[in-house]
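Engineer: Dumping the structure here so I can ask a few things about it.
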Amino acid sequence: MRHTLSILMENESGALSRVAGLFSARGYNIESLNVAATDDPTLSRLTLVTHGNDQIIEQIMKQLNKLIDVVKVLDLGDHPHVERELLLVKIEASDAESCDSITRVSDIFRGRVVDIYHRTYTIEVTGGQDKLNAFLNAMQQHAVLEVARSGAVGIIRGSSSS
Amino acid sequence: MKLSGAEIFVECLKAEKVDTIFGYPGGAVLFLYDELYKAEDAISHILVRHEQGAIHAAEGYAKSTHKPGVAIVTSGPGATNAVTGIADAYMDSVPLVVFTGQVNRDLIGNDAFQEVDIVGITRPCVKHNFLVTRVEDLAETIKKAFYLATTGRPGPVLVDIPKDLTKDKTEFSYPETVSMRTYNPTVKGHPRQIKNAVDLILAARQPIVYSGGGVILSGASSELKTFAQELGFPVTNTLMGLGAYPATDKQFVGMLGMHGTYEANMAMHKADLILAIGARFDDRVTGDVEKFCPHAKVVHIDIDPASISKNVSVDVPIVGEVKNVLPELLKEIQRRGEKPDQQALADWWKQIAEWQAEDCLKYTQDGDEIKAQYVVEKFWEISEGDAFVTSDVGQHQMWAAQYYKFDKPNRWINSGGLGTMGFGLPAAVGVQLAHPDATVGCITGDGSIQMCIQELATCQQYQLPLKIINLNNGYLGMVRQWQEFFYQKRYAMSYMDALPDFVKLAEAYGHVGMRIEKPGDVEGALKEALAMKDRLVFMDFITKKEGNVFPMIPAGAGQNEMILV
Ligand SMILES: Cc1ncc(C[n+]2csc(CCOP(=O)(O)OP(=O)(O)O)c2C)c(N)n1
Ligand SMILES: [Mg+2]
């Protein structure tokens, strides 16, 4: 099962490698990982997507909580939450017709063209993992030059803070 | 008044009441050593002969007291030499604070002379570590280091201090308390889980207490004794837990696990309730987890939530300090005024007695070869079961665990989790320094003793009267045993050719050496050695070459599939 973990931790050098090191040392998988400071500059939030059965996820949560730099760990799947990922993709259009097709597909996925250079479009799309995958699929007929994805970030719905 | 980083370092140690520090100097820690030199009345620095020895000595000091062990080493090779010891302390949850020197701050990351990223290297084998980057942070960091090392599940904490910082100056004040928003170990058991555990205890018909090193770390031996005796349940200890429950008590069924007793393993296998107390279901205990304790409900008391349901799924988890939880359990049992089925318990003991009748540790000292078991048993008798015993890793370690009956906690000092050959001698250094008048034995093997043999010089410098019992079988015996059983006797590299003359070696270091070759001389030699109160005696017992440790659960087998002889 896919789980999205939201990890609040000290914004200190070394904290990230403690988390990443824990995953590699104990053989847990990381599908994506995103980290940045929060509104409190002494804290950063790391959103990590992993896979595992309930027992493995429970161990991962406990091991994360054991790290001294970690303030709080939340499995977002346990709560109503919003999850988003940012995708940037560079696509080369072969002719005028494919230019149209690219912008049309981009519109359907609420993407935005953020750069054009000769016939190369750079498009920004946000959404859940499925949507971004579907978008990339729809673009397969064109020459996709490069993809950069942020990995998921998420937050609980409602007024409670995690 | 402003103090230098080095002065602050020493003031912090004093504030933490550190009386002994184990270490080895070098360029990056020269300012620190200069201040230690001036403070030698308050803090005695023990000069080891290898940094691995410093850490093991600090471990011996910590394991035999209830205080943290403290060590200091220089940057680069000094720090990397300490890594084995740090990993050892991590696996056995030993409270240590290790100070490493680091190159000047402006050189960090430049591949400077004797620079290593020791914080990076040790990250997976410490409870926590710090690189101090400002002298203003030094005192608070040291305070945190001691706090983290000694609270919750104890463990090693490393503090890396750049050299230039130790001469920078700042105002010094040692924080009285420390609180960390990210760290707050649970010490009291959850009331609902206590109730759930008591439900299971009262319903049990074939219960067993399985207690481990956590009981000793928690200082909860007397609580364990009261608890077990109140209920009349059988008790087994892990290798790390030996001494947590008195070995000569009638409720004790021996150590469990790969080389545990038949009765302990069978009782675990057939039990309907396992009370795991400060133990962590290590693979050397469980054997094949699929076959482990098929009939039992499991209650697990541990300070570390991550130890619970890690290897074996648990019915009632109780996160908390063993010392608090056991009395809480007893109180709840007394409140209910009930007892487990006494007839069932009596039948259970009858069944256990049948397993005990197998007498799985029986051996006979016949013939003219000395049996290692005999040496350990005689040492136990002659030291009146009251020695501190350190050990190395191998067959001799298992024989020490099986035949020295520890009645007190903190007496059995060995490397359980990491299984570090070379642990025994330096650990004994730490134990003897903490207990100057006690008998400290080091039960070792011809392979292991050579891994930190240089510490014999430390023993000479500080006049430490250790009693070294070298069970010399001319083999890396435990390796050879596995090769005999599982590799058709192909003894690849397990034969110790070219052993040194240990008697001459001991003498070269200024100690007393003895070689004992006949069974009839064992007792006399031990008595003579123990009577030499102020000398280190190295007893080289030439033992049976191809002896094996029994009983044994082969790898991958279940607890009920022991090989008896
Ligand atoms: C540092 C280290 N290297 C290798 C091993 C693997 N090992 C475990 S037991 C053993 C043999 C120990 O021989 P010895 O000290 O003579 O003890 P014996 O088994 O003969 O009693 C070895 C090599 C280890 N535990 N530690
Ligand atoms: Mg040997």
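Engineer: So, with a 1.4 angstrom probe, what is the percent of accessible area on region A:82-154 that is carbon and sulfur? List each step's numbers first, then the result.
Structural biologist: Working: 2040 of 4260 Å².
Carbon and sulfur atoms account for 48 percent of the accessible area of region A:82-154.
Engineer: Another question, then. With the crude spin-label approximation of a point 7 Å out along Cα→Cβ, what separation in nm comes out for A:Lys90 versus B:Gln229?
Structural biologist: 7.8 nm
Engineer: Pairs to check: B:Lys378/B:Lys405; B:Lys38/B:Lys144; B:Lys518/B:Lys545; B:Lys63/B:Lys331; B:Lys408/B:Lys533; B:Lys378/B:Lys489. Give those whose C-alpha atoms are more than 19 Å from each other in this structure.
Structural biologist: As for pairs spanning more than 19 Å Cα to Cα, those are B:Lys38/B:Lys144; B:Lys63/B:Lys331; B:Lys408/B:Lys533; B:Lys378/B:Lys489.
Engineer: Roughly how far apart, in whole Å, are the Cα centres of region B:458-478 and region B:176-222?
Structural biologist: Taking the Cα centre of region B:176-222 as reference, the centre of region B:458-478 is 37 Å away.
Engineer: Please report the spacing between the Cα centers of region B:529-565 and region B:419-455 in Å, no decimals.
Structural biologist: 16 Å
Engineer: Once R0 is set to 30 Å, what does the formula 1/(1 + (r/R0)^6) return for the Cβ-Cβ distance between B:Asp288 and A:Asn65, expressed as a FRET efficiency to the nearest 0.05?
Structural biologist: That pair, B:Asp288 with A:Asn65, gives E of 0.55.
Engineer: Placing unit charges on C-beta atoms (Lys and Arg positive, Asp and Glu negative, everything else neutral), compute the dipole magnitude of region A:2-78 about its Cα centre in debye, rounded to 20.
Structural biologist: 240 debye
Engineer: Here is a further query. Among B:Gly76, B:Leu107, B:Tyr147, which residue has its Cα furthest toward the positive end of the charge dipole of region B:76-167, with +1 on Lys/Arg Cβ and -1 on Asp/Glu Cβ?
Structural biologist: Farthest towards the positive pole: B:Tyr147.
Engineer: If you average the alpha carbon positions of region B:1-59 and of region B:237-287, how far apart do those two centres end up, in angstrom?
Structural biologist: Cα centres, region B:1-59 to region B:237-287: 40 Å.
Engineer: What distance in nm separates the two pseudo spin-label positions at B:Asn560 and B:Lys67, each 7 Å out from Cα along the beta-carbon direction?
Structural biologist: Result: 5.0 nm between the two label points.
Engineer: Calculate, for A:Met1 and A:Thr103, the FRET efficiency according to 1/(1 + (r/R0)^6) with r their C-beta to C-beta distance and R0 41 Å; round to the nearest 0.05.
Structural biologist: So, using R0 = 41 Å, E works out to roughly 0.65.
Engineer: Related question: At most 10 other Cβ atoms within 10 Å and a DSSP loop assignment: could you name the GluC sites (Glu not before Pro) in region B:327-414 that fit?
Structural biologist: On the way: sites: B:Glu328, B:Glu332, B:Glu338, B:Glu354, B:Glu358, B:Glu369, B:Glu377, B:Glu381, B:Glu384; in loops: B:Glu338, B:Glu358, B:Glu369, B:Glu384.
Answer by residue number: B:Glu384.
Engineer: Can you work out D for region B:253-374 in µm² s⁻¹ from Stokes-Einstein, where Rh is the Kirkwood radius over C-alpha pairs, the temperature is 37 °C and the viscosity is 0.692 mPa s?
Structural biologist: Using the Kirkwood radius from Cα pairs, D works out to 197 µm²/s.
Engineer: Still on this structure: Above 22 Å lies some portion of the pair distances; for region A:82-154, what is it as a whole percent of all C-alpha pairs?
Structural biologist: That tail contains 15 percent of the Cα-Cα pairs.
Engineer: Only sites in a loop by DSSP and with at most 13 other Cβ atoms within 10 Å count here; which trypsin sites (Lys or Arg not before Pro) in region B:319-363 make the cut?
Structural biologist: Qualifying residues, ordered by number: B:Lys362.
Engineer: Under a 1.4 angstrom probe, counting protein chains only, how are B:His45, B:His295 ranked by accessible area, largest first?
Structural biologist: I get B:His295, B:His45, largest accessible area first.
Engineer: Could you give the size of the charge dipole of region A:82-154 about its Cα centre, using +1 on the Cβ of each K and R and -1 on the Cβ of each D and E, expressed in debye and rounded to the nearest 20?
Structural biologist: Charge dipole, region A:82-154, about its Cα centre: 160 debye, nearest 20.
Engineer: Next question, about the same structure. Taking a temperature of 25 °C and a viscosity of 0.890 mPa s, what whole-number D in µm²/s does Stokes-Einstein yield for region B:2-167 with Rh from Kirkwood over alpha carbon pairs?
Structural biologist: Details: Rh = 15.2 Å.
In µm²/s, the coefficient rounds to 162.
Engineer: For the A and B pair, go ahead and give the buried accessible area with a 1.4 Å probe, both sides summed, in Å² to 100.
Structural biologist: Summing both chains' loss of accessible area gives about 1400 Å².
Engineer: What fraction, in whole percent, of alpha-carbon pairs in region B:425-547 exceed 26 Å separation?
Structural biologist: 24 percent
Engineer: For the protein assembly as shown, give the magnitude of the charge dipole about the Cα centre (Cβ charges: +1 Lys/Arg, -1 Asp/Glu; no others), in debye to the nearest 20.
Structural biologist: Numbers: 70 positive and 91 negative charges, 207 e Å.
In debye, rounded to 20, the protein assembly as shown gives about 1000.
Engineer: Please report Rg over Rh for region A:2-78, where both radii come from the alpha carbon positions and Rh follows the Kirkwood definition.
Structural biologist: A ratio of 0.93.
Engineer: How much length is gained on full extension from B:Gln461 to B:Asp359, taking 0.36 nm per residue of separation minus their Cα-Cα distance?
Structural biologist: Gain on extension, B:Gln461 to B:Asp359, equals 32.2 nm.
Engineer: Let me ask you something else. Quick one: what do you get for chain B if you divide its Cα Rg by 2.2 N^0.38 Å?
Structural biologist: Values: Rg = 24.2 Å, N = 565, 2.2 N^0.38 = 24.4 Å.
So chain B has a normalised radius of gyration of 0.99.
Engineer: Also, I was wondering about something else. Which residues of region B:123-154 bury at least 50 Å² of accessible area once all protein chains are present, versus their chain alone (1.4 Å probe)?
Structural biologist: Residues losing area: B:Arg123, B:His128.
Engineer: Considering only B:Phe486, B:Leu329, A:Val147, whose Cα is most displaced toward the positive end of the charge dipole of the protein assembly as shown, charges sitting on Cβ of Lys, Arg (+1) and Asp, Glu (-1)?
Structural biologist: Checked the options; the winner is B:Leu329.
Engineer: Considering only DSSP beta bridges where both residues belong to the protein assembly as shown, give the percentage that are antiparallel (nearest 5).
Structural biologist: The antiparallel proportion sits near 45 percent.
Engineer: So for region A:69-162, taking the charge dipole from beta-carbon charges (+1 Lys/Arg, -1 Asp/Glu), which of A:Ser98, A:Val70, A:Ala134 sits furthest toward the positive end?
Structural biologist: Projecting each Cα onto the dipole axis, the largest value belongs to A:Val70.
Engineer: Further, regarding this structure: Averaged per residue, what accessible surface does chain B expose to a 1.4 Å probe, in Å²? Don't skip to the end; give the middle numbers.
Structural biologist: Numbers: 21780 Å² over 565 residues.
In whole numbers, chain B has 39 Å² accessible per residue.
Engineer: At a 1.4 Å probe, which residues in region A:34-64 are at least 20 Å² less accessible with all protein chains present than in their chain isolated?
Structural biologist: For region A:34-64, once contacts with the other chains are taken into account, A:Gln55, A:Gln59, A:Lys62 lose 20 Å² or more.
Engineer: So how far apart, in nm, are the two label points at A:Thr42 and A:Thr120 if each is 7 Å from Cα heading toward Cβ?
Structural biologist: 4.5 nm
Engineer: Counting only protein heavy atoms and using a 1.4 Å probe, what share of the accessible area of region B:191-356 belongs to carbon plus sulfur, as a whole percent?
Structural biologist: 48 percent
Engineer: With N denoting the number of residues in the protein assembly as shown, provide Rg(C-alpha) divided by 2.2 N^0.38 Å, to two decimal places.
Structural biologist: 1.09
Engineer: Which of the lysines could a cross-linker span from A:Lys131 if the Cα-Cα distance has to be under 20 Å and same-chain partners fewer than 8 positions apart are dropped?
Structural biologist: Answer for A:Lys131, where 20 Å is the Cα cut-off: A:Lys90, listed by chain and number.
Engineer: Something else: Give the calculated FRET efficiency between A:Asn53 and B:Val512 to the nearest 0.05, with a Förster radius of 45 Å applied to their Cβ-Cβ distance.
Structural biologist: 0.15
Engineer: Also, I was wondering about something else. Between beta-carbons, use under 14 Å as the cut-off and find the net charge around A:Arg26, counting Lys and Arg +1, Asp and Glu -1.
Structural biologist: +4
The values are calculated or read from the model by the stated rules, or taken from the named source; none is laboratory data. Predicted, not measured: the structure shown is a model, and the values here were computed from it. Cβ: placed from backbone, ideal geometry, glycine included. Neighbour counts: every protein chain shown. Quick note on the areas: whole protein, heavy atoms, side chains included, nothing else; ligands and nucleic acids left out. Shrake-Rupley method; radii C 1.70, N 1.55, O 1.52, S 1.80 Å.
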